[in-house]
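The values are calculated or read from the model by the stated rules, or taken from the named source; none is laboratory data. Quantities reported herein were computed from a predicted structural model and do not represent experimental measurements. Please note that ligands, DNA and RNA were not included when accessible areas were found on the heavy atoms of the full protein model with its side chains. Shrake-Rupley method; radii C 1.70, N 1.55, O 1.52, S 1.80 Å.
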Amino acid sequence: RTSMCCRKKNRMRSLILLAAITLASLAVVGSAQKPPSDVVELDDDNFDRLTQEGVWFINFYAPWCGHCKRIMPVWEKAGTEMQNSGIKFARIDADAETETTERFKIQAYPTFKIVDKKKVVDYRGDHQLDSFIRFAKEYLESRNKQESGGGG
């Protein structure tokens, strides 16, 4: 009788431990959402509303694209570094957001474009952090010269 009682207690402890581990792992998985980002997530519904104001440097990507996946941390870092510069970094899942993808005639992933109200500028540089930042800064400088009447 004593051994049977101990086995039941051990089994009960094991079940409680298993339940605790399961709940803890669910809590971790549930909290493993995307960390806050300085890169704005655009979609077909918010694209026009958000991009009508300011200058936007946009990454048109596909979630299944290996190159897009490798570049995303670089893009995130660029967005953070340029956070208060006057240009907003954004991304749009071009595979899912077909209306916007078709309007911008996206043929390959990733594709990068600056959208400045009605003006669209293609980015053709490499996919390095300093290149993204340099292009964004040069665009802003050129834009500011034009706005102040200094030519282009």
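Could you give the length gained by full extension between Trp64 and Val40, i.e. 0.36 nm per residue of separation minus their alpha carbon distance, to one decimal place?
6.7 nm
So how much slack lies between Asp48 and Arg103, counting 0.36 nm per residue of separation and subtracting their Cα-Cα distance, in nm?
18.6 nm
Just to verify a number: what accessible area does Phe135 come out at with the full protein assembly present, 1.4 Å probe, Å² rounded to tens?
50 Å²
Work out, step by step, the length gained on full extension between Asp126 and Lys113: first 0.36 nm times the residue separation, then minus their alpha carbon distance; give nm to one decimal.
My answer for the length gained is 3.4 nm.
Pop out the ³J(HN,Hα) list for region 121-138 in order, Karplus 6.51 cos²θ - 1.76 cosθ + 1.60 with θ = phi - 60°, rounded to Hz; leave Gly and Pro as x.
My calculation for region 121-138 gives 10, 7, 9, 10, x, 6, 9, 9, 3, 5, 5, 4, 5, 4, 4, 4, 5, 5 Hz in order.
What pairs in Lys77/Lys145; Lys88/Lys117; Lys105/Lys137; Lys77/Lys119 have C-alpha atoms more than 23 Å from each other?
Lys77/Lys145; Lys105/Lys137; Lys77/Lys119
Compute from the Cα atoms of region 38-111 the Rg and the Dmax, the latter being the longest Cα-Cα distance, and quote both in angstrom.
For region 38-111, the Cα radius of gyration and maximum Cα-Cα distance read 11.8, 32 Å.
Once the mean 1/r over all distinct Cα pairs of region 93-152 is inverted, what Kirkwood radius in angstroms do you read off?
With all distinct Cα pairs of region 93-152 included, I get 13.2 Å.
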